[in-house]
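A.B. asks: This is the structure I want to talk about, given as structure tokens.
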Amino acid sequence: MRQSASFGERNQKARPVRRGIHPALFYSMFTLLLGANALTATGLLMAPDIARLLNGQTEQVIGAYEDRIAQMRVEIDRLHSRSYAQAGDINLQLQELSQQQDMLLEQHQLVRALVDKADQLGIAALDMPAPQSVALTPANTPSGNPDIAATAESLNRMMSETQLAMTGIADTATERADGIITEMRRLGIAMTVPDASLTGVGGPLLPAMEELEGSPMIEDANAVMAALLRYKAARDSMEAAPIHMPITGNYRNSSGFGNRKDPFTGGRAFHSGLDFAAPTGTTVFSAARGVVSFVGTRSGYGMVVEVTHDTGLVTRYAHLSGYLAKQGQAVNRGTPIAKVGSTGRSTGPHLHFEIRKSDDAIDPRGFLEAGKRLQALLG
């Protein structure tokens with residue numbers, strides 16, 4: 001009987017002891033996986049939003065983009081709090097990740113302000129390459145912790161894409177401003193536009209301090225805004241140049257500038273403008289911003305309206321059948337000022353369009369062709 005009891009005790013001691021996973025460790029691993037998966041979903045949802053932002057579709061995506069950033073911040077905070085007790089330097093890494101998140105949010109706010117300004121100036125649909133998809137790597141590491149390095153890389157990629165948006169806006173604004181300035185110089189029109197590197201900056205001159213640097217993000221945003229303001233100044237100045245067609249609809253160019261066969265005498269004579277044959281009563285528009293400086297009749301021209309522009313040039317609209325503007329009236333490009341007729345020395349209804357500089361007639365064709373090129377450049 002004693003021997004049997006001893007055998008049972010030995011048999012019980014020989015059995016292996018089974019131990020389960022500690023509950024605290026199990027739940028920690030579970031919550032880390034859950035948090036990483038949430039980050040993955042957030043990144044995937046954010047990817048198409050960034051693509052649409054860079055393609056200029058800002059009205060519908062801006063609110064959703066901010067929501068995605070807020071969701072990511074919440075998930076990072078949750079992940080940070082749940083893994084607070086984990087060994088190693090994961091807490092420090094998560095703090096750095098949160099700082100990157102804050103930088104992304106700040107960068108997005110700057111881009112939003114710049115895109116809104118660009119939209120106001122007609123730079124809405126920028127031709128920029130679509131960004132690569134953003135994906136946050138889930139927690140598949142042996143330790144069960146999220147792949148923070150991959151997540152940080154994704155955030156850096158997103159910041160690079162918003163930087164690309166700022167660069168695209170600046171490049172487009174600079175190209176358009178340079179195009180306007182070049183065309184105006186060809187026409188002999190001097191334009192005064194602000195220096196993009198000096199717009200809206202200043203302050204007392206103080207010695208530099210060690211270990212203090214400005215924010216490259218703010219400096220980049222200021223450079224983009226300066227390019228936009230320079231483009232705006234160039235575009236506003238362009239509005240005072242008579243480069244726009246003074247007539248639309250059913251018309252044809254019936255006579256050019258320079259020497260021609262006079263329709264009445266048959267001999268050679270100088271023609272001081274362009275003729276556009278059109279039905280009587282067709283609306284005539286101001287070719288640029290300015291002030292109506294003359295309304296009345298002139299010998300050979302019949303009924304005339306003249307507009308003096310900020311550039312010092314004067315446009316003359318002749319052979320009219322009626323007036324739609326009064327002397328002293330401020331007009332913009334495209335303001336109706338008269339109606340086509342056949343008054344004065346004319347063989348039929350048409351608009352005689354002149355551009356005069358220092359009381360000398362100059363060929364309007366170069367101005368109108370420049371207007372077409374700029375219209376194509378500005379979209």
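The values are calculated or read from the model by the stated rules, or taken from the named source; none is laboratory data. Note that the structure is a prediction, hence the values are computed from the model and not measured. Positions of Cβ are generated from backbone atoms using ideal geometry, with glycine treated the same way; all protein chains shown enter the neighbour counts.
A.B. asks: Look through 302, 249, 334 and report the one residue that is more than 42 Å from the chain's Cα centre (by Cα) and over 18 Å from residue 187 (Cβ atoms).
C.D. replies: So the residue among 302, 249, 334 that is more than 42 Å from the chain's Cα centre (by Cα) and over 18 Å from residue 187 (Cβ atoms) is 302.
A.B. asks: Further, regarding this structure: Checking the condition closer than 21 Å to residue 191 by Cβ, in contact with a Lys or Arg (Cβ under 9 Å, 6 or more places away or on another chain) and in a helix (DSSP H, G or I), which residue from 376, 370 passes?
C.D. replies: Matching residue, one of 376, 370: 370.
A.B. asks: All but one of (1) among the charged types (D, E, K, R); (2) closer than 24 Å to residue 249 by Cβ; (3) assigned to a loop (DSSP other than H, G, I, E, B) hold for residue 345; state the number of the condition that does not hold.
C.D. replies: Looking at each condition in turn, residue 345 falls short on (2).
A.B. asks: Return a yes/no flag: does segment 260-280 have any residue that is under 35 Å from the mean Cα position of the chain (by Cα), assigned by TED's automatic domain parsing to the domain that holds residue 348 and farther than 24 Å from residue 378 by Cβ.
C.D. replies: There is no residue in segment 260-280 that is under 35 Å from the mean Cα position of the chain (by Cα), assigned by TED's automatic domain parsing to the domain that holds residue 348 and farther than 24 Å from residue 378 by Cβ.
Every residue, every condition in (1) modelled with pLDDT of 90 or more; (2) under 17 Å from the mean Cα position of the chain (by Cα), yes or no:
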| position | (1), (2) |
| --- | --- |
| 161 | no, yes |
| 164 | no, yes |
| 175 | yes, yes |
| 182 | yes, no |
| 186 | yes, no |
| 196 | no, yes |
| 202 | no, no |
| 205 | no, no |
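A.B. asks: Let me ask something else. Across segment 328-342, what is the number of residues that are assigned to a loop (DSSP other than H, G, I, E, B) and small (Gly, Ala, Ser)?
C.D. replies: Adding up the residues that qualify gives 3.
A.B. asks: Tell me, which residue of segment 307-327 that is more than 23 Å from residue 191 (Cβ to Cβ) and part of a strand (DSSP E or B) is farthest from the chain's Cα centre (by Cα)?
C.D. replies: Of everything passing the filter in segment 307-327, 321 is farthest from the chain's Cα centre (by Cα).
A.B. asks: In this structure, is residue 304 in the same structural domain as residue 259 (by TED's automatic domain parsing), part of a strand (DSSP E or B), farther than 20 Å from residue 243 by Cβ and of a type in the set (A, V, I, L, M, F, W, C)?
C.D. replies: For residue 304, the condition - in the same structural domain as residue 259 (by TED's automatic domain parsing), part of a strand (DSSP E or B), farther than 20 Å from residue 243 by Cβ and of a type in the set (A, V, I, L, M, F, W, C) - is met.
A.B. asks: Anything in segment 265-295 that is free of Cβ contacts under 8 Å to residues at least 24 places away in the same chain and at positive phi? List them, or say none.
C.D. replies: 266
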